[in-house]
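The values are calculated or read from the model by the stated rules, or taken from the named source; none is laboratory data. Small disclaimer: the values here were computed from a predicted structure and weren't measured. Cβ placement follows ideal geometry from the backbone for every residue including glycine, while neighbour counts extend to all protein chains displayed. Note: accessible area is taken over every heavy atom of the protein model, side chains too, but ligands, DNA and RNA are not part of it. Shrake-Rupley method; radii C 1.70, N 1.55, O 1.52, S 1.80 Å.
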Amino acid sequence: MGVVYAEMMRETKNIFEGLNDVNYWPYIGKGYFKCPEKILVLGESHYLTDPKLRAEKENDHFLTNDVLVGDYLDQNYTQSFGSFADFPKLIGMPRYRGFRNTAKMLAHSGPKCSDYVWENLAFFNFFQKPVGPRPRNHDWLKADYDNYIDMSRLAFEKVMEKLTPDIVIIWGMKDLDKKWLPANKKSLYPGVVFFPINHPFGYIQRTYIEEWNDFVKKGNMSEKYATHHPFYAKIEKLFGNVKQQLGSLKSVPKWYSERSIGFKLDLNTNVPNAMVMLATMDELGKMSVTLSTRRESVEETKKIVSHPFFDAFDQNRCLNEDGVFELCSFDSNACDEDLVSAILRILHVMNDYRNSLI
């Protein structure tokens, strides 16, 4: 899940450990408390498709974090993504569209959206126990309704005290906003803006995007929470330029994110695996090109990069701090042509290596 998110969870534990009224601790983005306007996204509930896991998960404080950070980021597309800044824009999210659609509304960035916005948000699910085995099946909630509501309202109160949000985006116009949350929430939390929307699982209504844009403008909000990675535009342009020049490799799986461009070449081996090349730009504009395997096998990657085909790249091909092999790097003043050339050169070497295994 990455070093950054391990640190985030330690901070969450420091805030909520011992607070017995909150069973499912909220996700707190690393930039949440630094934002001029703190935004808490309020979801409804957790489900357990396997009722046998109910006893195990009912008191798992990090269940919400596991869903948002673990399941959202780890889509088994390449290796596990270590940050929302790395989440590919060209793949769908059937199970977690609610998170992506909320990001789309907040980031004002059209259909490509910005999962990166979650770095600056907090998320909390209202109900403090799973409500049933699947969506639209609230059997466990119905069987103990009053207790569920009382427990959840108390937890919501404690979370509001700890997170002190300026804005609460509510996933649910009907039940969550009008039935389950305290009816006097606006008087309980003066100065807090409650922004209810229909649950965004399916899609985000255009009217909500327009209403949010108006709200931001009228409130003179900083929009810091909605920023893209500093070099997002450069990454997007770089991705387009590389795509145009792929030639015989145009069919390989490829994607781009807020800060990286990725390519995956399957290996012709008996064990399903692939080489994954990522060109990642940091917040100062320095780009690093790395190689790993789909199964994140250090030994297998080491074997690949030690092949003579890769001798044209940096000789110090050692593991970096993320546990992947860096092939080359470029300073922030490197021109686009050099970056495109390096990526294409590495891809063709990767392809030559793959062909040598046949």
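List of remarks:
- Percent accessible area from carbon and sulfur atoms, region 108-160, protein chains only, probe 1.4 Å: 46 percent
- Label point distance in nm, residue 166-residue 307, each placed 7 Å from Cα along Cα→Cβ: 5.3 nm
- For the residue pairs 254/286; 13/286; 38/237; 57/302; 179/218, the alpha carbons lie more than 27 Å apart in 13/286; 38/237; 57/302; 179/218.
- Across region 238-342, Cα-Cα pairs farther apart than 20 Å form 40% of the total.
- With the largest listed first and rounded to whole Å, the semi-axes of the equivalent ellipsoid of region 250-294 from the Cα gyration tensor are 24, 11, 7.
- Debye equation applied to the C-alpha atoms of the chain, log10 I(q)/I(0) at 0.15 Å⁻¹: -1.26
- Segments 164-177, 234-247 sorted - mean Cβ within 10 Å per residue, highest first: 164-177, 234-247
- Shape box of region 116-180 [Cα atoms, principal axes, largest first, Å]: 36, 25, 20
- Global dimensions of region 286-358 from alpha-carbon coordinates: Rg and Dmax equal 12.4, 40 Å.
- Region 217-358, accessible surface, carbon-and-sulfur percent (1.4 angstrom probe): 47 percent
- Region 185-276: radius of gyration and largest Cα-Cα distance (Dmax), Å: 21.3, 64
- Label-point gap, in nm, between residue 179 and residue 13 - each point 7 angstrom along Cα→Cβ: 3.7 nm
- Folded to 0 to 90 degrees: helix 97-107 orientation relative to the chain principal axis, Cα: 90 degrees
- Per residue, the chain exposes an accessible area of 48 Å² to a 1.4 Å probe, with every protein chain left in place.
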